[in-house]
Amino acid sequence: MMVEAGRFGMADRVLGQLSLADGLAASDETIFDLVSKELDWAPIRTLLGQRSGPGSGNTSYPAEALVRCLLLGVWHGLSDPALEAQIRDRLSFRRFAGFSLSDRTPDHSTLWRFREELTRERLIDKVFEEINRQLETKGLIVKRGTLVDATFLQARGRPPKQPKKGHQGPAKPS
């Protein structure tokens, strides 16, 4: 595993270095691959800033990879332990989050701590608003469902800015 030094001295893992095994395990393009290509991740990375903290310790996961994991959890209604298992198990989840087959993936406590950090710093809403803004601009909406039927649909028109009366807004990560 390779690491690169973060601004504060702690190193971030370098993810997604594909191996022969990754090439052999490649599958058809999924909706996550399409969404990943459609989103401009630079503004999201800017919002997140440098996340590696000072001091020694284990290398941390890149913030973008953890945000991608949180998105998968929200889109599929997964608890952190269930999300941990699915990222480890599903090729489409690994690929969307940027993990090769040989990369270690975050455990449920890492995902929880990252979400809590973003919440404390009042960044989580800003990050998800930016993602939703970009998806809306592209005419894409997220239909939240189960692990099997969560899909992205091409919107017929622009979704309303304000939810209709009695409509529950988008789910916030827990």
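Worth pointing out:
- Cα gyration tensor shape for region 59-132, rounded if a/c is under 1.5, else prolate or oblate: prolate
- Heavy-atom accessible area order for I44, I31, largest first, 1.4 Å probe: I31, I44
- In terms of the mean number of neighbouring beta-carbon atoms within 10 Å, the peptides 63-70, 95-102 order highest first as 63-70, 95-102.
- To the nearest 10, the accessible area of T137 is 80 Å² with a 1.4 Å probe.
The values are calculated or read from the model by the stated rules, or taken from the named source; none is laboratory data. Quick caveat, the model's predicted, so the values are computed rather than measured. We place every Cβ from the backbone using ideal geometry, glycine too, and count neighbours over all the protein chains shown. The protein model used for the area step is the full one, side chains on, heavy atoms only, and it has no ligands, DNA or RNA in it. Shrake-Rupley method; radii C 1.70, N 1.55, O 1.52, S 1.80 Å.
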